[in-house]
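The values are calculated or read from the model by the stated rules, or taken from the named source; none is laboratory data. All values derive from a computational prediction rather than experimental measurement. Positions of Cβ are generated from backbone atoms using ideal geometry, with glycine treated the same way; all protein chains shown enter the neighbour counts.
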Amino acid sequence: MELQIKNASGAAPGQMTVADEIFTRPFNETLVHQVVVAYLAGGRAGTRAQKNRSDVRGGGAKPWRQKGTGRARAGSSRSPIWRSGGVTFAARPQDHSQKVNRKMYRAAIRSIFSELLRQDRLQVVDELTLPEIKTKQMIARLAALGVADQRRVLLVSEDIDLNLYLSARNLPDIAISDVTGLDPVSLVGADAVVITVSALQRVGEWLA
């Protein structure tokens with residue numbers, strides 16, 4: 001399969017060959033949904049915690065005797081029905097991560113890249129670099145590629161260029177990633193993905 005390669009001015013001077021088994025896969029919505037949910041679940045901290053009646057300090061002595069006071073029986077001042085008592089169903093730290101096999105994860109990424117290509121949301125460029133830190137140059141580069149009006153743009157390179165990163169960090173709808181930092185959520189959520197030739201070759205080696 002041949003893909004057009006664009007340069008900094010937006011022209012397409014050449015092509016590159018990519019593997020059909022990676023970029024022509026049918027879109028497996030069920031698998032992609034499972035991988036996206038698992039990725040988002042893995043990002044949850046799960047560190048919430050509350051104290052139950054055994055965790056709250058004090059309450060060892062019985063507040064008053066069992067009978068003869070006219071009051072309700074009470075065995076601890078740290079009961080959940082008491083002020084400053086413990087929580088009835090106290091929250092505990094949880095691990096929300098979900099297991100996804102490596103084969104499933106790679107198959108989902110292949111399906112996502114294939115769908116991006118079918119929907120014309122994937123562009124290949126020769127390089128993603130800027131000579132200096134200038135947001136205006138970043139905007140002009142995006143306009144030349146025809147993605148300046150897209151709501152969410154993901155720029156992918158083999159190694160992140162510092163000038164590119166600093167020039168794009170003030171643009172709220174632009175995300176920059178290297179190949180090792182790619183994730184299904186960013187790929188699915190991007191309206192346009194611009195990837196360099198070297199990065200796409202790395203992706204092909206990864207998903208082969």
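At a glance:
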quantity: Some residue of the stretch 57-71 being basic (Lys, Arg) and under 25 Å from Gly181 (Cβ atoms); calculated: no
quantity: Residue list for the stretch 178-201, filter: surrounded by fewer than 19 Cβ atoms within 10 Å (Cβ to Cβ) and in contact with a helix residue (DSSP H, G or I) (Cβ under 8 Å, 6 or more places away or on another chain); calculated: Asp178, Asp183, Val185, Val188
quantity: Count of residues meeting criterion [free of Cβ contacts under 8 Å to residues at least 12 places away in the same chain and over 12 Å from the mean Cα position of the chain (by Cα)] in the stretch 163-199; calculated: 4
quantity: Long-range neighbours under 9 Å by Cβ, at least six apart or interchain, first residue outside the structural domain of Ser111 (by TED's automatic domain parsing) within the stretch 11-24, second assigned to a loop (DSSP other than H, G, I, E, B) and surrounded by 11 or more Cβ atoms within 10 Å (Cβ to Cβ); calculated: none
quantity: Every residue from the stretch 160-173 that is touching a strand residue (DSSP E or B) at 6+ places or on another chain (Cβ under 6 Å) and either in a loop (DSSP other than H, G, I, E, B) or modelled with pLDDT of 95 or more (or both); calculated: Ile160
quantity: Boolean, Ala91 is touching a Pro at 6+ places or on another chain (Cβ under 7 Å), under 30 Å from Asp183 (Cβ atoms), among the aliphatic types (A, V, I, L, M) and in a loop (DSSP other than H, G, I, E, B); calculated: no
quantity: All positions within the stretch 137-151 that are within 14 Å of Gln123 (Cα to Cα) and either assigned to a helix (DSSP H, G or I) or of a type outside the set (A, V, I, L, M) (or both); calculated: Arg141, Leu142, Ala143, Ala144, Leu145, Gly146, Gln150
quantity: Filter result for the condition that a residue is in a strand (DSSP E or B), under 17 Å from Ser114 (Cα atoms) and at pLDDT 90 or above, over Ile195, Ile176; calculated: Ile195
